[in-house]
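The values are calculated or read from the model by the stated rules, or taken from the named source; none is laboratory data. All values derive from a computational prediction rather than experimental measurement. So basically every Cβ, Gly included, is an ideal-geometry build from the backbone, and we count neighbours across all protein chains shown.
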């Protein structure tokens, strides 16, 4: 068990993993997997379980209702990995060169610094 809520562990595909993010879309998984594998981490991706309290849909309901959105849980086998610490300390490199910033990690447009 983690000492705080920011550094979580789980068994994903029978491997002890540090959790990077939960309930990610497939596009987000591809984006983070590219960054993490470039930096030498072994990435494990599994489908996220359905939310607690959600009742399973019957066959009749599933045909009528909208298709369910599948989300994923991303983890790395290095249990010392903390996404917050790693990004804030600028320890990750971009595949194209440079350092991963918080904006890059969150897929937001990066700000232009006034001293450039």
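Data for the structure
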| item | result |
| --- | --- |
| Helices (runs of 4 or more DSSP H) contained entirely in segment 1-110, each with at least 1 residues that are on the phi < 0 side of the Ramachandran plot, under 15 Å from the mean Cα position of the chain (by Cα) and at pLDDT 75 or above | 26-38, 83-88, 102-105 |
| Selection count where residues are under 20 Å from residue 24 (Cβ atoms) and surrounded by 12 or more Cβ atoms within 10 Å (Cβ to Cβ), scope segment 89-102 | 5 |
